[in-house]
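See structure below.
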């Protein structure tokens, strides 16, 4: 099966899974949750399961490489959509939990396949992850607008059929993005910290213009472009150089110019560029445990988000905090990545 | 994933979620981190082996 076809299937499925999950959360679940507390609980459980389970599922995928997690994730998400009207009688949370499990399974399955087939190219992982931003935005809008359930259901059924055509890959993933002169423990700490710090900043950046209809698509499109281009740029110019320039630019735009929509959107774009770099650098530390590597990065996203639940800062107070956190993330990335990146070599990886 | 970094999680939470009990967050985070450390140590052994 050609690499490009697999990447296309996983990228489309990533869009469909995130679209469907957010459609369910903002559509059927939000409409059926009687109390505000149960609404909050549902959203928190969804986030915790969808992101907190990925490292465990990743480790499972490493242990059993033939496990078709991507197809399983599509199937679970489709089940949650189709069964949500009847399951809501039992509990409105039931379809949300199945959806979260499907989301976690798909991300690990699709992500690991993409990394294993990337042949040392960071671009593939960026392309795979990028479509999720658009899926989340459009799924939220479709769910809130009360669109027909048939839209995500047909999309998921199509993706399930396509993903059944692709068998899970086995092999090792190497990208030469991590600075391997440092010890394993130091590198891992630096890389995971970079993801965690960026996750925190992402939640703390005030964007007062975000809910205005004219700018509704701006952050998601900027994130999509940032992630999609990050890997290509890193392959071309080197992980460390691209990481430094993008995070430095993002820090200035997001911390000091966040009230200007287009400049802030450009900051979001730059802020998302290092995503494939950190992901591939973490994979370099675990060449035979790509599932665990992928899951650890999403675990850091969750752990970076949790403290923001306890913080109730004024917008003015978040600016210096964001500046410090972004600077720390920049330092972590600089110390953990290498330069220059060797040109990608084509290496056959068994399927 | 929503914006991965700029809004890392798919579901933006209502403002009332800010009052979520801190102890529960700490316990959940501690369990996840402990499990991750165990898996990392096993993976490192496998890498070296």
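Only the coordinates and a few stated rules stand behind these numbers; no lab work does. None of these values were measured; they are calculated from a predicted model. Neighbour counts run over all protein chains shown; Cβ positions are idealised from the backbone, glycine included.
Provide a whole-number value for the mean count of partner chain Cβ atoms within 10 Å of the Cβ atoms in peptide A:18-31. Intermediate values should be presented prior to the final figure.
Details: counts 3, 0, 0, 2, 4, 0, 0, 3, 2, 0, 0, 1, 0, 0.
Averaged over the peptide's residues, the number is 1.
Work out the mean other chain Cβ neighbour count within 10 Å for the residues of A:38-46 and drop it here as an integer.
Mean shielding by partner chains, rounded to a whole number: 4.
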ask   = If one computes P(r) from the Cα atoms of segment A:244-324, what percent of pairs lie at distances over 22 Å?
value = 40 percent
request  = Mind computing the radius of gyration and Dmax over the alpha-carbon atoms of segment A:1-132? Å is fine for both.
outcome  = 15.4, 49
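Would you mind ranking A:211, A:38, A:246 by Cβ crowding within 10 Å, fewest neighbours first? Don't skip to the end; give the middle numbers.
Details: A:211 8, A:38 15, A:246 26.
Lowest to highest Cβ neighbour count: A:211, A:38, A:246.
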message = Looking at chain A as a GNM with Cα springs under 10 Å, which of A:219, A:261, A:274 has the largest mean-square fluctuation?
response = A:261
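Which shape class, rounded, prolate or oblate, goes with chain A when its Cα gyration tensor gives a ≥ b ≥ c as root eigenvalues, a/c under 1.5 marks rounded, and past that a/b bigger than b/c marks prolate?
Details: a/c = 1.72, a/b = 1.12, b/c = 1.53.
Here chain A falls in the oblate category.
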key: Contour minus Cα-Cα distance for residue A:167 and residue A:89 (0.36 nm per residue)   = 24.4 nm
